[in-house]
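Report on the following structure.
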Amino acid sequence: MGLKPDHWIRKMAQEHGMIEPFVEKQVRQGVISYGVSSYGYDMRVADEFKVFTNVYGAVVDPKHFSAEAFVDIKAEVCIIPPNSFVLARSMEYFRIPRSVLTVCLGKSTYARCGLIVNVTPFEPEWEGFVTLEISNTTPLPAKVYANEGIAQVLFFEGDEPCEVSYADKKGKYQGQTGVTPPKL
């Protein structure tokens, strides 16, 4: 299994629609960078956020998730309360080939501000918009900028396709289109 370079990412995006919309070069001027990097793709965060709140005394329970646990916000900037987190989604829609697995890591610009981006691997043949969990580990409110870079996706290709893909398993997050809370 090997890490895939920028030319492979461009080819897969252009010929197979692996990333849409696709930004062929890294955009950096005046924004938190996004687009193709040396061995990955810096995805952007969309302007849809679910900010967690305790207004209704809700408990965050992955088996019985309640919409009362968050407030929906659509904005160019999201303020994450201190020691809290939001769910968001990528601007890009991903279609992962059967022989590929991804690992996603938060951008260093946000990490240096105490913001941690958590994304689970994109399994072979998973597709959809990525749901992102962005944690503010600081005692201060923190800003996240929509339509700018949020995390880097690294692509690993196996020597052969997997036996059972995410599509084969009919995974519960297949084809997700918005910010998707946990499902059982």
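Read-outs throughout are calculated quantities, based only on the coordinates presented, and are distinct from any laboratory measurement. For clarity, every value in this text was computed on a predicted model and none was experimentally measured. A quick note on method: Cβ atoms are made from the backbone with ideal geometry, for glycine too, and the neighbour counts reach across all protein chains shown.
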Number of the exception - Ile150 against (1) within 13 Å of the chain's Cα centre (by Cα); (2) in a loop (DSSP other than H, G, I, E, B)
(2)
Lys107 - would you say it is touching a residue at least 24 places away in the same chain (Cβ under 8 Å) and of a type outside the set (A, V, I, L, M, F, W, C)?
yes
Lone qualifier among Val59, Val86, Val36 - being surrounded by fewer than 18 Cβ atoms within 10 Å (Cβ to Cβ) and either hydrophobic (A, V, I, L, M, F, W, C) or assigned to a strand (DSSP E or B) (or both)
Val59
Conditions (1) touching a residue at least 24 places away in the same chain (Cβ under 8 Å); (2) within 19 Å of Gln152 (Cβ to Cβ); (3) in a loop (DSSP other than H, G, I, E, B); number of the one not met by Phe65
(2)
In the range 1-33, what residues are aromatic (Phe, Trp, Tyr) and assigned to a loop (DSSP other than H, G, I, E, B)?
Phe22
Which numbered condition Glu148 misses (of (1) among the acidic types (Asp, Glu); (2) touching a Ser or Thr at 6+ places or on another chain (Cβ under 9 Å); (3) within 27 Å of Ser66 (Cα to Cα))
(3)
Would you check if there is a residue in the range 33-42 being in contact with a Leu (Cβ under 6 Å, 6 or more places away or on another chain) and farther than 25 Å from Pro141 by Cβ?
yes
